[in-house]
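The values are calculated or read from the model by the stated rules, or taken from the named source; none is laboratory data. Keep in mind it's a predicted model, so treat the numbers as computed, not measured. Here the Cβ is made from the backbone with ideal geometry for all residues, glycine too, and neighbour counts use every protein chain on show.
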């Protein structure tokens, strides 16, 4: 007998694609020329509110001692390409 589980639609889903998440982090590091001391996070979020995209990939760039830079791409992690990232 299987048990039904309730899924949280707002929960990050990026962990389901660790290879793609790692690749996006590499693209961000290359595009921004980031050092090893900079932390890059990649998360996929689902939104059910009016006016926001159904799904988006949120990239956080955390430089020591600085405000977190956030990049939002209105695509799933699986659909993000290096061309989606702003340069510089």
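Descriptive notes on the structure:
- Matching residues, region 61-73, being surrounded by 13 or more Cβ atoms within 10 Å (Cβ to Cβ) and not in a strand (DSSP E or B): 63
- Checked against (1) at pLDDT 95 or above; (2) surrounded by fewer than 17 Cβ atoms within 10 Å (Cβ to Cβ); (3) touching a strand residue (DSSP E or B) at 6+ places or on another chain (Cβ under 7 Å), residue 9 passes all but condition (1).
- Within region 47-58, the presence of at least one residue that is in contact (Cβ under 8 Å) with a residue 12 or more places away in the chain, surrounded by fewer than 17 Cβ atoms within 10 Å (Cβ to Cβ), touching a strand residue (DSSP E or B) at 6+ places or on another chain (Cβ under 7 Å) and closer than 20 Å to residue 87 by Cβ is confirmed.
- Hits in region 31-44 - residues which are surrounded by fewer than 16 Cβ atoms within 10 Å (Cβ to Cβ) and in contact (Cβ under 8 Å) with a residue 40 or more places away in the chain: 31
- Residue list for region 23-46, restricted to those being assigned to a loop (DSSP other than H, G, I, E, B) and under 19 Å from residue 87 (Cα atoms): 33, 34, 35, 36, 38
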